[in-house]
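Just so you know, all these numbers are worked out from the coordinates, no wet-lab data involved. The structure presented is a predicted model; accordingly, all values stated were derived computationally and were not measured. Reconstructed Cβ throughout: ideal geometry from the backbone, glycine too, with neighbour counts over all protein chains shown.
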Ligand code: PLP
Ligand code: COI
């Protein structure tokens, strides 16, 4: 399918070099759209000027949350003068998994990667160049039928917007403090935890609100049945350097299969480090930490990159890792991953994809 391009006649001023970007607050000049109707399939892939959507107030997505999304980034490679993506095929494979769970029609993954590349190329001057910044890319799908009955939609919009962004956490690479949620749950097996869908994030807000009140930046979720096993943080998967190996909760349906998680596991294995994907309870972690057996804790995510975890608050207990400082392995992983993403280091697995010249 041919991708149509309609350029804006009113380009916006871009952020000035050195301007603090924050995360997801500024949007580029264009967006990618593609429409769907039952019987017709996906049609009219197009890059058009960024702008508001015209949507019926009865649109299904607004009422029953039939939505899915992805998160990826475009990186400025100053050495080679190129713009790069990181494993974009993985994002659209995962979007199709989310689609299956939310009964949204499958997308053509190759066409979506092409759509993102076209959009990034058109808006390449929006890819920020300062250290640690990137163009955050948000693909998403919404059901647009103007119908109040609860059923899967017959009409959808696939949209990609982009946002020049800095660090997700204001603290940057400083260790984050995280609140372990003991009352609410985010997802249960058989639910939608493994899908990237708005409802999961809506369900998490009450705990995030409480965490913020207590000066914690994020929430660590425990399993939805026994509230015993560690699952993931609101926007990242978690890892612990424990007893000479790296432990991360296994994928069993209620947590997101993170692309940064998968890449980190691969890099650690490449380095000959043992990685164990298994159930780990909060009690086990606490006991091991009390006994000095937990050397580091970190989270992984597209927005969060590799983020050291300095402290977990679990009830009255404060678990501090690595003296609240970034650990050696966490730093090594951050350097290796960002090195590949920005094209500074060799890329043995072919994860980094050049989109265009900068
Ligand atoms: N877990 C949740 C709930 C997330 O929202 C994210 C962010 O996308 C992640 C984990 C990390 O996934 P990825 O590394 O693919 O960005
Ligand atoms: C990402 O890391 O891309 C995410 O989607 C996290 C988001 C919820 C901010």
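A few remarks follow.
- Taking each DSSP H run with n ≥ 4 as -39500 (n - 2.57) and averaging over every residue of the chain yields -7500 deg cm²/dmol at 222 nm.
- Peptides 31-41, 59-69 ranked from most to least packed, by the mean per-residue count of other Cβ atoms within 10 Å: 59-69, 31-41.
- Between segment 100-144 and segment 149-186, the Cα center-to-center distance that results, in Å: 15 Å
- Angle between the chain longest axis and helix 198-213 axis [Cα atoms, degrees, rounded to 10]: 50 degrees
- Efficiency of FRET between residue 89 and residue 316 - r from beta-carbon atoms, R0 45 angstrom, step 0.05: 0.50
- Each part reduced to its alpha carbon centroid, segment 289-314 and segment 197-214 end up 20 Å apart.
- Percent RCO, i.e. relative contact order, over the chain, from Cα pairs under 8 Å lying at least 6 residues apart: 19 percent
- Compared with the dominant principal axis of the Cα atoms in the chain, helix 109-122 is inclined by about 80°.
- Folded to 0 to 90 degrees: helix 88-102 orientation relative to the chain principal axis, Cα: 90 degrees
- Projected label points at residue 6 and residue 100, each 7 Å from Cα along the beta carbon direction, are separated by 3.5 nanometres.
- Segment 1-131: Rg to Rh, with Rh as the Kirkwood radius over Cα pairs: 0.97
- Quotient of the Cα radius of gyration of the chain and 2.2 N^0.38 Å, N being its number of residues: 1.00.
- Shape category assigned to segment 179-258 from the gyration tensor of Cα positions, a/c cut at 1.5: oblate
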